[in-house]
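Peer 1: The following block contains the structure, expressed as structure tokens.
The values are calculated or read from the model by the stated rules, or taken from the named source; none is laboratory data. This one's a predicted model, so the numbers in the text were calculated from it and none came from an experiment. Cβ placement follows ideal geometry from the backbone for every residue including glycine, while neighbour counts extend to all protein chains displayed. Surface areas here come from the heavy atoms of the whole protein model, side chains and all, with no ligands, DNA or RNA. Shrake-Rupley method; radii C 1.70, N 1.55, O 1.52, S 1.80 Å.
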Amino acid sequence: MGAARAALADGMIRVDVRSKRFGDTEVLGPVAFEIADGETVAILGPSGIGKSTLLRIVAGIDTDFEGRVERPERMAIVFQEPTLLPWRTALANLTLIHPELPEADARRMLDRVGIAERADAFPTQMSLGQQRRLALARAFAGQPELLIMDEPFVSLDPATADTMLGLTEDLIAEARPATLFVTHARSEAERLATRVLELGGRPARLLPAPSDPKGGLS
Ligand code: ADP
Ligand code: MG
């Protein structure tokens with residue numbers, strides 16, 4: 001058994017992508033990393049470099065790649081465009097996805113993300129920032145072990161983006177999922193992440209965030 005892979009610890013994910021192609025075009029070369037629970041990794045890189053593709057692979061949405069991904073069961077995904085049910089209220093968008101969640105808890109979650117008074121509004125009646133808050137509430141309502149977010153603060157005005165970033169930071173600190181999020185903003189990566197995965201160089205480089213006192217690669 002000496003050479004066997006170590007078992008995956010609770011709440012941890014292990015990603016080993018060797019190649020991802022669309023037709024004849026390789027969009028991702030070798031990229032491997034692990035994320036422990038409570039740790040946040042940011043994927044940083046310019047448009048079109050393969051950030052969303054990597055996220056879909058990690059989430060298990062795209063299974064057409066060479067390599068292997070091991071992930072915990074309880075996962076939440078926050079897509080770049082909030083994927084809300086437009087004909088359901090904000091509250092129903094939470095309780096339909098989480099039928100086990102008591103209504104009082106769902107309302108508390110809406111309050112937590114600052115949209116308690118929008119509980120009976122439909123997503124089309126909400127601003128993009130409010131929709132993003134709802135998507136965040138929905139993600140955390142399931143107490144995910146793995147949280148995946150694709151550019152969750154893009155297209156918001158700077159003040160709203162900053163508030164959302166702080167809110168997300170707090171929610172992650174409380175729930176401590178393994179978090180993987182994509183951004184093209186270095187400031188976001190440095191603020192939220194314990195480590196930063198830069199796509200664009202070959203092979204992809206996993207760097208410690210400047211604030212990481214351990215400074216270790218894995
Ligand atoms: P990013 O999120 O970093 O902007 P993407 O992961 O969306 O980049 O895309 C990486 C590359 O793969 C781009 O060149 C894009 O055009 C291409 N691509 C993405 N999805 C598909 C697809 N379904 N079919 C073909 N090419 C795709
Ligand atoms: Mg993208």
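Peer 1: Give segment 89-140 a look and list any residue that's more than 20 Å from Ile77 (Cα to Cα), touching a helix residue (DSSP H, G or I) at 6+ places or on another chain (Cβ under 6 Å) and outside any loop (DSSP other than H, G, I, E, B), or say none.
Peer 2: Answer for segment 89-140, where residues must be more than 20 Å from Ile77 (Cα to Cα), touching a helix residue (DSSP H, G or I) at 6+ places or on another chain (Cβ under 6 Å) and outside any loop (DSSP other than H, G, I, E, B): Ala116, Arg118.
Peer 1: Take the residues in segment 31-50 that are within 16 Å of ligand 1 (Cβ to nearest atom) and assigned to a loop (DSSP other than H, G, I, E, B); name whichever of them is most open to solvent (accessible area, probe 1.4 Å).
Peer 2: The extreme case among them is Ser47.
Peer 1: Additional query: Which of the residues spanning segment 157-184 are within 16 Å of ligand 2 (Cβ to nearest atom) and open to solvent by 10 Å² or more (accessible area, probe 1.4 Å)?
Peer 2: His184
Peer 1: Which residues, taken from segment 140-156, are more than 16 Å from ligand 2 (Cβ to nearest atom), within 13 Å of the chain's Cα centre (by Cα) and over 20 Å from Glu70 (Cα atoms)?
Peer 2: Passing the criteria: only Phe140.
Peer 1: Looking at (1) touching a strand residue (DSSP E or B) at 6+ places or on another chain (Cβ under 9 Å); (2) over 12 Å from Thr179 (Cα atoms); (3) among the hydrophobic types (A, V, I, L, M, F, W, C); (4) within 16 Å of ligand 2 (Cβ to nearest atom), which is the one condition that is false for Val69?
Peer 2: With respect to (1) touching a strand residue (DSSP E or B) at 6+ places or on another chain (Cβ under 9 Å); (2) over 12 Å from Thr179 (Cα atoms); (3) among the hydrophobic types (A, V, I, L, M, F, W, C); (4) within 16 Å of ligand 2 (Cβ to nearest atom), Val69 is out only on (4).
Peer 1: What are the pairs, 6+ residues apart or on separate chains, where a residue within segment 35-62 that is more than 23 Å from Ile172 (Cα to Cα) has its Cβ under 8 Å from a residue that is outside any loop (DSSP other than H, G, I, E, B) and open to solvent by less than 10 Å² (accessible area, probe 1.4 Å)?
Peer 2: Every condition considered, the pairs that remain are Gly50/Lys20; Gly50/Leu28; Thr53/Lys20; Thr53/Leu28; Asp62/Lys20.
Peer 1: If you scan segment 143-156, which residues turn out to be closer than 21 Å to Arg133 by Cβ and either touching a residue at least 40 places away in the same chain (Cβ under 8 Å) or surrounded by fewer than 16 Cβ atoms within 10 Å (Cβ to Cβ) (or both)?
Peer 2: Gln143, Pro144, Leu146, Leu147, Ile148, Met149, Asp150, Glu151, Pro152, Val154, Ser155
Peer 1: I'm checking my understanding of the structure. Among residues of segment 192-218 that are at pLDDT 85 or above and crowded, with 17+ Cβ neighbours inside 10 Å, which one is nearest to Val113 (Cα to Cα)?
Peer 2: Step by step, filter segment 192-218, then rank; the result is Leu192.
Peer 1: Then there is this: Could you please let me know if Glu66 is exposed (fewer than 14 other Cβ atoms within 10 Å of the Cβ), more than 19 Å from the chain's Cα centre (by Cα), within 16 Å of ligand 1 (Cβ to nearest atom) and over 20 Å from Leu165 (Cα atoms)?
Peer 2: Yes; evaluated as a whole, the condition is true for this residue.
Peer 1: Continuing with the same structure: Which residues, counting only those in segment 167-183, are within 16 Å of Val78 (Cβ to Cβ) and either within 16 Å of ligand 1 (Cβ to nearest atom) or free of Cβ contacts under 8 Å to residues at least 12 places away in the same chain (or both)?
Peer 2: Asp170, Leu180, Phe181, Val182, Thr183
Peer 1: Could you check how many residues of segment 97-117 are of a type outside the set (Gly, Ala, Ser) and surrounded by fewer than 13 Cβ atoms within 10 Å (Cβ to Cβ)?
Peer 2: 5
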